[in-house]
Amino acid sequence: LQDCGADCAKFQKSELEYKFNKKALERPYTSKHSWGKTYGEHKRHLEFSHDQYRELKKYAEEVGIFFTASGMDEGVLMFLLLLSSRLGDLLHNTYLFKKRVIKSSRPMVISSGMQSMNTMHQVYRIVKPINPNFCFLQCTSAYPLQPEDVNLRVISAYQSAFPDIPIGYSGHETGIAISVAAVAMGAKVVERHVTLDKTWKGSDHQASLEPSELAELVKAIRTVEKAMGSPVKQLLPCEMACNEKLGKSVVAKVTIPEGAVLTLDMLTVKVGEPKGFPPEAIFDLVGQKVKKNIEEDETITEQAVENHVKKVKC
């Protein structure tokens, strides 16, 4: 992940008896992705132990990448709070986690998969007074996620509804284009699943990025961040060469004798040599008197106009 340019490695931790009731763990699981006869056996096969999480965190520190894990149930919270010191947990049930997590003042990343806007407003009202250091991620919980179900416009809706917190995107689609678009819409956090091989057993692998794709995504995000730039529209230094070559000026549409008062039908706009009044000054020139003969197709310059017109800035 670090080699790909990612800032944080996030895992997912559950204490199964807290997340599922007994019957849910005992239900048969016959999917081609199953690692056991029951859903409980399947999940126990996949779940990392506390010692393995300690080892993962130690390794993350050694290679220099932030480490965190999604807390999927109340039972795992205290372990994660003690384990993770840098980035908060991804919460799937803020109501149950209120006292232990929100009051910990840890930075929190709150995903909104399977939720409504009404629920997110409730979550905001619960969290904000206690711990303002959190963000929301737009998320649709489908694996893989189809483009028509992504709803990137929710990012804009969150930005309007919750302007004082960062908004991000948690994606489960294939490819990187949609995640890049989320950044262009202002997403401040991007979460994607990562796999070494999409053909491996397990439904999430199809919705994951392989390392080369992750590296491409990070590169594209950094490019978009640079490209967002400034909201101020102005002539930039990098445009000067093009402006000198192709920038337009007001020119005479007809021959204009000395002393004539300019009218709009005397003027047009072309790439002119030398440079003269910019195109946006054409209406300000109307009514001005010229103090010398101007040939047809000649640039209108300040020296040719009796009362210089104040140029409009580009």
ask   = Between residue 134 and residues 5 or more places away or on another chain, which pairs have amide H atoms under 5 Å apart, with H built 1.01 Å from N, and which residues are they?
value = 108
note = For the table 245/292; 245/291; 253/292; 10/58, the rows whose alpha-carbon distance is greater than 18 Å are 245/292; 245/291
ask   = In the chain, what percentage of the DSSP-assigned beta bridges are antiparallel, given to the nearest 5?
value = 30
key: Helix-derived mean residue ellipticity, 222 nm - over the chain, DSSP H n ≥ 4, -39500 (n - 2.57), to 500   = -8500 deg cm²/dmol
remark   = Among the DSSP H helices of the chain, those whose Cα atoms extend at least 18 Å along the helix axis and whose mean Kyte-Doolittle hydropathy is -1.0 or higher are 211-228
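Do the alpha carbons of any pairs in 43/188; 13/201; 226/248; 128/219; 19/219; 128/233 sit beyond 26 Å of each other, and which pairs?
Beyond 26 Å: 43/188; 226/248; 128/219; 19/219; 128/233.
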request  = Would you mind putting 177-185, 119-127 in packing order, based on average other-beta-carbon counts within 10 Å, highest first?
outcome  = 177-185, 119-127
task = Tell me which residues come under 5 Å, amide H to amide H, from residue 209 once H is placed; ignore anything under 5 positions away on its chain.
result = 193, 194, 195
ask   = What does the charge count near residue 289 come to, summing +1 for each Lys or Arg and -1 for each Asp or Glu among other residues with Cβ under 15 Å from its Cβ?
value = -2
query = Rounded if a/c is under 1.5, else prolate if a/b beats b/c, else oblate: with a ≥ b ≥ c from the C-alpha gyration tensor eigenvalues square-rooted, which is region 237-304?
reply = prolate
query = Cα centroids of region 240-306 and region 124-166: how far apart, whole angstrom?
reply = 53
request  = Rank these by accessible area, largest first, 1.4 Å probe: 172, 193.
outcome  = 193, 172
request  = Hey, can you grab everything whose amide H is under 5 Å from the amide H of residue 173? Only 5+ residues off in sequence or another chain; H modelled, so Pro and N-termini drop out.
outcome  = 145
Equivalent ellipsoid semi-axes, the chain, via Cα gyration tensor eigenvalues times 5, rooted, Å = 62, 21, 17
query = Excluding same-chain residues fewer than 8 positions from residue 23, which aspartates and glutamates have a Cα within less than 18 Å of its Cα?
reply = 15, 41, 73
remark   = Here the alpha-carbon Rg of region 141-254 over 2.2 N^0.38 Å rounds to 1.53
remark   = Excluding ligands, DNA and RNA, the carbon-plus-sulfur percentage of the accessible area of region 237-304 with a 1.4 Å probe reads 55
ask   = To the nearest 10 Å², what's residue 301's accessible area with a 1.4 Å probe?
value = 30
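Could you please put 128, 13, 23 in sequence from largest to smallest accessible area, using a 1.4 Å probe?
Numbers: 128 55, 13 5, 23 165 Å².
Result of the area sort, largest leading: 23, 128, 13.
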key: Accessible surface ranking that places the most exposed of 106, 27 first, with a 1.4 angstrom probe   = 27, 106
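The values are calculated or read from the model by the stated rules, or taken from the named source; none is laboratory data. Quick caveat, the model's predicted, so the values are computed rather than measured. Here the Cβ is made from the backbone with ideal geometry for all residues, glycine too, and neighbour counts use every protein chain on show. SASA here: full protein model, heavy atoms, side chains in, ligands and nucleic acids out. Shrake-Rupley method; radii C 1.70, N 1.55, O 1.52, S 1.80 Å.
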